[in-house]
Amino acid sequence: EAFNKPIHNVSSGAMRLLLEHSWPGNVRELEHAIEHGALLCPGGMIGPEHLPYELRIHDTQGHFQKSGQKVCRESLARALQTARGNRTDAARILGISRRTLYRKLHKYKLE
């Protein structure tokens, strides 16, 4: 209702992502994710593609790459792909600074 859109449900894929996330920001972070989904959803059902990048990026074990953990080449490439090449978004997804992202890009020859 807040966005004047006829959204009636959340898909099972989106619900799975919401349930699997640890929610370190608790209710405010969850509220932000739902609002993000509502803004991007044209109407009907919120799907995984409408949720924030942070919920959709997972490492090979199915866990989100957290700040301070080693960023492997595959996680870096996946984050860049999901962020559609936007390096600022990729760094945010991985929980690292843009400067660190650029160093990793150079290290892994992904420039």
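For region 45-54, the count of residues that are among the small types (Gly, Ala, Ser) and either buried (at least 18 other Cβ atoms within 10 Å of the Cβ) or at pLDDT 80 or above (or both) is nonzero. Just wondering, is there one or more residues in region 60-74 that are modelled with pLDDT under 85, within 25 Å of LEU19 (Cβ to Cβ), assigned to a helix (DSSP H, G or I) and under 15 Å from the mean Cα position of the chain (by Cα)? No - not one qualifying residue is present in region 60-74.
The values are calculated or read from the model by the stated rules, or taken from the named source; none is laboratory data. All of these numbers come straight from a predicted model, not from anything done at the bench. Ideal geometry is used to build each Cβ from the backbone, glycine not excepted, and the neighbour counts take in all protein chains shown.
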